[in-house]
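Only the coordinates and a few stated rules stand behind these numbers; no lab work does. All values derive from a computational prediction rather than experimental measurement. No Cβ is skipped: glycine too gets one built from the backbone with ideal geometry, and neighbour counts run over all protein chains shown.
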Amino acid sequence: MKNRPLIAACLPIILSMLLSSCSHGYNPLDKVKSIPRDSLVWLESYDGASGYKNHKLTSDEKDLIQETFRTLPPVLQEALENDVYAIYFVDGMWYGALTSRIPDLNQCIIFINPDTLSTSLSEWLTYRDNTIFSDASDTSCFVSGCGKKGEKYTGFLHTLTHELAHVYDYIDRVTPYVEDGMKDNIKADSLFYDTWKDRTQPRNGYGTSQLEQVAFYGFGGCVSSSLAAEMLGWLSSSPFSSLYGATNWADDFAETLTYYWLNKKLGLDYEVTYLQNGQETAHFTWSESEAAKRWKPLCKEICGK
Ligand SMILES: [Zn+2]
């Protein structure tokens, strides 16, 4: 019998691969749109900023977005496909991203700082975590990241996972309410009431006065970096996954789900070291924290593993 050409012999395999990739192969770039003028004006006014511009993605950036999308848990891939109205990349933003809900559509818009695509994961988290200090320097600062394994990723991995956790929370409801505009429909049985009195106030015994004075990215007060070691010590035994997540219950959930999944799927572990005059004086490792233990069942239920 004459041999069939190789391509014909392989055709059923190629077809089945194509079909299986199509069934899970949503293209996240379908959601990326050029930001409309009125949305740009709204965002500038919300941030108290000016000079924001639409960012045109390069082909490398488009590849990175698709690659990052494929690392997400299915539930967040579905959140992007079904519950996101648009993703806008905006030049000029100095923080990572903002997710906002359009109540009439019950869908979300995500505004993303394109710098997250070109900044390493460690550099991005280090930048974010130091924005609460008035006096961070090269030798006295937090050094954050996800260890050696995290070196091949950019800040976008954290940003996209975190923002889609907010989308999931907005639509599928995990925390009591994500923003004050949702107070007419509170999720009264949210597990986050165990540790939070309200959206920004932890229950007695869970909070720390130092965090009450600060806001990340310059959106409020700062503290001296001399408090950093104490804050990291507090964080390790708190129910929160990061100092950023300890500022409100929505970010508490988004940070926790993000670090759970990065750990589960990619073996990454969020770590923060405090350097004082170049010496390591305190350290936080997410996988060893109280938060990692406390929230494992919830994250496992949401992510499916
Ligand atoms: Zn957030």
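Only one of the numbered conditions (1) out of contact with any Leu (no Cβ under 6 Å at 6 or more places or on another chain); (2) assigned to a helix (DSSP H, G or I) is not met by Glu61, and that is (1). Return the residues of the range 64-78 that are outside any loop (DSSP other than H, G, I, E, B) and either touching a Gly at 6+ places or on another chain (Cβ under 6 Å) or away from the ligand (no atom under 16 Å from the Cβ) (or both); say none if nothing qualifies. Scanning the range 64-78 gives Leu64, Ile65, Gln66, Glu67, Thr68, Phe69, Arg70, Thr71, Pro74, Val75, Gln77, Glu78. When Leu125 is tested against (1) touching a strand residue (DSSP E or B) at 6+ places or on another chain (Cβ under 6 Å); (2) away from the ligand (no atom under 15 Å from the Cβ), just one condition goes unmet, and that condition is (2). None of Ser100, Ser59 is free of Cβ contacts under 8 Å to residues at least 12 places away in the same chain, over 27 Å from Tyr259 (Cα atoms) and of a type outside the set (A, V, I, L, M) except Ser59. The residues in the range 176-191 that are surrounded by 20 or more Cβ atoms within 10 Å (Cβ to Cβ) and within 15 Å of the ligand (Cβ to nearest atom) can be counted, and the count is 2. Looking only at the range 37-84, residues that are surrounded by 16 or more Cβ atoms within 10 Å (Cβ to Cβ), among the hydroxyl-bearing types (Ser, Thr, Tyr) and over 21 Å from Cys299 (Cα atoms) come to 2 in all.
Scanning the range 90-108 for residues that are out of contact with any helix residue (DSSP H, G or I) (no Cβ under 8 Å at 6 or more places or on another chain) and either surrounded by 15 or more Cβ atoms within 10 Å (Cβ to Cβ) or of a type in the set (S, T, N, Q) (or both) turns up Gly92, Ser100. Among the residues of the range 150-159, those identified as in contact (Cβ under 8 Å) with a residue 12 or more places away in the chain and away from the ligand (no atom under 16 Å from the Cβ) are Gly150, Glu151, Tyr153, Thr154. Candidates are the residues of the range 160-175 that are among the aliphatic types (A, V, I, L, M) and over 12 Å from the mean Cα position of the chain (by Cα); the one that is farthest from the ligand (Cβ to nearest atom) is Ile171.
To keep it simple, each residue is scored yes or no on (1) acidic (Asp, Glu); (2) farther than 30 Å from Asp189 by Cβ; (3) in contact with an Asp or Glu (Cβ under 7 Å, 6 or more places away or on another chain); (4) not in a loop (DSSP other than H, G, I, E, B).
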| residue | (1), (2), (3), (4) |
| --- | --- |
| Leu80 | no, no, no, yes |
| Cys108 | no, no, yes, yes |
| Thr116 | no, yes, no, yes |
| Glu123 | yes, yes, no, yes |
| Glu151 | yes, yes, no, yes |
| Tyr168 | no, no, no, yes |
